[in-house]
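**Q** Questions regarding the structure given below will be posed in turn.
What follows is calculated from the coordinates using simple rules that are stated; it is not laboratory data. Keep in mind the model is a prediction, meaning the values are calculated, not measured. For neighbour counting, all protein chains shown are included, and Cβ atoms are generated from backbone atoms with ideal geometry for every residue, glycine included.
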């Protein structure tokens, strides 16, 4: 890996740094309905440079860590790590993530430059169990008890603001549930 100069991270450039937000809302499944969890969090994105695959694909990558705490008791209820990658030649954004519930996924999406001429930039990625390119891996227990079937994430990035929303489709408690998370963060 090599260090990359500024502005070669394409649409990911503005993510680099530390972000904090306290307007989060997690809507999660419960056996008899839903659980609403207001939260606050810190996300740190670190530039790691470029990666070359098979001597022909060049990616630039950011490593990130997201720590989420419930407002009700200040305990961590979500800890996530992974990478955001940009393939400039293919105009493709990739997001790999892992959570310590035995779930990993690789989401992807095309980037058409939306937002480059406005005050904000929009990034969207998706993954699905049925997609051979952008898929989800999970433990046997989760496959049988809380199967993640789809994931979609959207980030709206301004100069010093980051808003995201994500939906994780689950088969849990005998039903399909749209688990959602959203927050607004500020650059620190």
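**Q** For the range 145-188 and the range 1-73, what is the centre-to-centre distance using only Cα atoms, to the nearest Å?
**A** If you average the Cα positions of each part, the centres end up 12 Å apart.
**Q** Distance in nm between label sites at residue 156 and residue 67, each 7 Å beyond Cα in the beta-carbon direction?
**A** Those two pseudo-labels are separated by 2.9 nm.
**Q** Counting only C-alpha contacts under 8 Å and six or more residues apart, can you give the relative contact order of the range 10-187 as a whole percent?
**A** 19
**Q** If I take every Cα pair under 8 Å that is 6 or more residues apart in the range 145-188, average their sequence separation and divide by the length, what percent do I get for the relative contact order? Don't skip to the answer; put the middle values down first.
**A** Details: 84 pairs, mean separation 16.7, N = 44.
This gives 38 percent for the range 145-188.
**Q** A follow-up question, please. For the range 10-187, compute Rh as the Kirkwood radius over C-alpha pairs and then the Stokes-Einstein diffusion coefficient at 25 °C and 0.890 mPa s; write the answer in µm²/s, rounded to an integer.
**A** D = 144 µm²/s.
**Q** Between 18, 34, 168, which gets the highest mean-square fluctuation from a Gaussian network model of the chain, Cα cutoff 10 Å?
**A** For the chain, modelled as a Gaussian network with Cα springs under 10 Å, the answer is 34.
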